[in-house]
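What follows is a short report on a single structure.
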Amino acid sequence: MTQFLEVDHLGMTFNGAEGELQALQDVSFILAEQEFLSVLGPSGSGKSTLLRLLAGLIKPTAGSFQFGCLPNVQPRISLVFQQANLMPWRTVLQNILLPLELQGVERGKALERANAMIQLVGLEEFAQAWPSELSGGMAQRVAIARAFIAEPDLLLLDEPFGSLDALTRERMGAELLKIWQSQRTAVIMVTHSISEALLLSDRVMVFSPRPASIVVEMKVDLPRPRQEETRYDPQFQQYAKRLRQSIK
Amino acid sequence: MIKQPVSESKSSGKRHKTLEKLARYNGWLVIVSILLVLAVWALGVLWGKPPAFLLPSPQAVWDKFTSTLADGSLLRHASVTFYEVLAGLFFGSLLATCLGYFLAKSSALEKLLSPYLVASQAIPLVAIAPLLIIWFGPGISSKILICALIVFFPVLVNTIIGFRGVPDNLRDLMVSMRATRWQKLHLLEIPAALPILFGGLRIGATLSVIGAVVGEFVGSDKGLGFLINVGRGQFDTALVFVAIFTLIFMALSLYGLAMLAEKRSTRWKSAHH
Ligand SMILES: Nc1ncnc2c1ncn2[C@@H]1O[C@H](COP(=O)(O)OP(=O)(O)O)[C@@H](O)[C@H]1O
Ligand SMILES: [Mg+2]
């Protein structure tokens with residue numbers, strides 16, 4: 001497997017009003033091309049900070065990271081947050097078109113791709129709806145469609161289903177898996193759900209409480225395509241137990 | 001420092017809704033109430049017989065209206081005032097929007113300038129209007145300046161609030177997608193701030209009318225403010241009424257236009273399941 005991203009002794013210290021706050025300490029890992037990596041850890045440990053660093057929203061105070069295979073070329077990165085973060089003044093279709101508008105994709109082509117994407121997430125009937133008319137699950141589907149339509153090299157998911165109820169959450173996880181299998185891209189997903197991490201990922205990392213460093217790094221050797229039944233696999237249960245014990 | 005968008009009063013939101021409802025469902029009620037006021041006015045004049053320079057009858061005002069309309073003087077004066085109002089509104093809000101954008105971006109700049117901006121609001125414009133007319137002459141340009149000055153502050157405040165209110169998450173989203181400065185401005189910042197910007201424009205529109213009249217009062221030979229002065233001087237109170245009603249009509253039309261724009265820019269807010 002080719003290496004896509006190398007994170008090297010990454011550290012982040014915030015200089016806030018109440019003095020310094022170290023959020024990340026000495027985080028190193030390698031992400032392979034098309035790999036799906038999940039990050040688990042207590043809240044406030046610095047998981048979002050890692051994603052914000054990788055997305056270029058903030059600059060690290062220590063260490064560095066490098067996108068291996070593309071020297072000098074900035075990789076395309078899509079972010080999905082816990083909240084869908086749709087633009088309320090744009091319809092569903094217009095929200096999904098946004099990344100293509102930014103990339104300057106020609107209108108006809110963009111529409112074609114957006115319509116295909118809307119079908120993939122099952123929102124054909126809502127193409128012209130305003131975000132305020134959507135349920136939480138539907139809004140998050142739009143956010144995922146918007147992330148995938150950009151054809152990102154790296155997809156960063158920050159507790160993407162954290163605000164959804166348990167059932168919707170499971171369904172969305174399955175849908176994400178389906179889309180990811182059709183458009184392979186490297187993914188780093190922050191989640192609080194051990195089973196979500198195990199169902200989706202090639203590898204799982206567990207962060208310590210703040211300042212976050214990696215306490216467990218575990219390869220998930222479960223055959224793909226994984227389904228709901230995979231949850232009852234004894235191997236799955238073993239992984240889950242190990243992760244549960246490592247999260248403080 | 002500047003935290004609240006400018007609006008007419010604290011309860012204006014509520015009052016707005018009530019007014020809107022009234023206008024929508026009970027359009028006839030408004031007409032009835034206007035007719036009622038006219039009737040009371042007419043009867044009062046009929047029975048009380050006040051001298052015409054105190055309170056002319058509705059009929060006298062209407063006659064004055066048609067005669068000034070027929071000889072073209074009303075339109076001539078109204079269009080001068082309208083021009084001043086529009087030009088002042090345009091330049092005042094253009095400047096305020098540009099400055100407001102930068103103040104919203106840089107809190108250092110805001111801290112630096114806001115003492116002056118706030119202090120400038122303590123100067124009553126009516127008091128310095130004579131000065132402005134001395135400096136810039138009795139023509140149209142001094143009126144435009146007064147309108148622009150009176151419009152400036154509320155539009156500035158709303159611009160700052162509007163651009164500050166752009167959600168951080170959406171900013172992050174745009175940055176992570178490598179949006180250019182221009183893309184961030186016209187795809188995120190302007191649409192997000194637009195409703196509040198239009199709100200500022202709506203208040204600015206009515207203020208601009210006040211500014212024009214104040215300027216014309218102080219010194220001019222045309223405009224509706226001048227017409228009021230003339231009417232007062234000649235004890236032609238009907239003429240004063242005609243000018244006042246024209247001003248009300250002008251202010252309400254501009255207010256309504258700005259409100260329409262505001263509504264159009266937020267039509268996604270009124271969407272329901
Ligand atoms: N911009 C910031 N300034 C100061 N402190 C921050 C900032 N962003 C995050 N933090 C702090 O860093 C720590 C880790 O935050 P975060 O990465 O959001 O945690 P997680 O996503 O794991 O819950 C928290 O204590 C948070 O308060
Ligand atoms: Mg977080």
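Here A:Ala129 meets each of (1) small (Gly, Ala, Ser); (2) within 16 Å of ligand 1 (Cβ to nearest atom); (3) within 14 Å of chain B (Cβ to nearest Cβ) with one exception, condition (2).
Is one or more of the residues making up the stretch A:84-107 closer than 27 Å to A:Met12 by Cβ, of a type outside the set (Val, Ile, Thr), in contact (Cβ under 8 Å) with a residue 24 or more places away in the chain and not in a helix (DSSP H, G or I)? Yes. All conditions but one from (1) charged (D, E, K, R); (2) in contact with a helix residue (DSSP H, G or I) (Cβ under 9 Å, 6 or more places away or on another chain); (3) within 12 Å of ligand 1 (Cβ to nearest atom) apply to A:Arg90; the one that does not is (3).
Taking every residue in the stretch B:229-243 that is on the phi > 0 side of the Ramachandran plot and pairing it with any residue that is modelled with pLDDT of 90 or more and part of a loop (DSSP other than H, G, I, E, B), at least 6 positions away or on another chain, yields no pair with a Cβ-Cβ distance below 6 Å.
Residues checked against (1) more than 16 Å from ligand 1 (Cβ to nearest atom); (2) assigned to a loop (DSSP other than H, G, I, E, B); (3) not small (Gly, Ala, Ser):
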residue: A:Ala147; (1), (2), (3): yes, no, no
residue: A:Gly162; (1), (2), (3): no, yes, no
residue: A:Thr168; (1), (2), (3): yes, no, yes
residue: A:Glu175; (1), (2), (3): yes, no, yes
residue: A:Ile179; (1), (2), (3): yes, no, yes
residue: A:Ile188; (1), (2), (3): no, no, yes
residue: A:Val215; (1), (2), (3): no, no, yes
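Identify all residues within the stretch A:180-219 that are open to solvent by 50 Å² or more (accessible area, probe 1.4 Å), out of contact with any Pro (no Cβ under 7 Å at 6 or more places or on another chain) and not small (Gly, Ala, Ser); write none if there are none. Residues satisfying the conditions are A:Gln183, A:Arg184, A:His192, A:Arg210, A:Val215, A:Glu217, A:Lys219. Scanning the stretch A:38-57 for residues that are facing another protein chain (nearest Cβ under 10 Å) and either within 13 Å of ligand 1 (Cβ to nearest atom) or more than 18 Å from B:Asn169 (Cα to Cα) (or both) yields A:Leu51, A:Arg52, A:Leu54, A:Ala55, A:Leu57.
Sort out which residues of the stretch A:65-87 are away from ligand 2 (no atom under 16 Å from the Cβ) and surrounded by fewer than 18 Cβ atoms within 10 Å (Cβ to Cβ), and write them in order of number. Listed by number, the residues that qualify are A:Gln66, A:Gly68, A:Cys69, A:Leu70, A:Pro71, A:Asn72, A:Val73, A:Gln74, A:Pro75. Considering only residues that are loosely packed, with under 14 Cβ neighbours inside 10 Å and touching a residue at least 24 places away in the same chain (Cβ under 8 Å), look in the stretch B:119-129 and name the one that is farthest from B:Ala251 (Cα to Cα). For the stretch B:119-129, the residue satisfying everything is B:Ser120.
The values are calculated or read from the model by the stated rules, or taken from the named source; none is laboratory data. Treat the numbers as computed from the prediction; the structure is a model and nothing was measured. Because the Cβ atoms are built from the backbone with ideal geometry, glycine has one as well, and the counts that use them run over all protein chains shown. Side chains included, ligands, DNA and RNA excluded: accessible areas come from the protein's heavy atoms. Shrake-Rupley method; radii C 1.70, N 1.55, O 1.52, S 1.80 Å.
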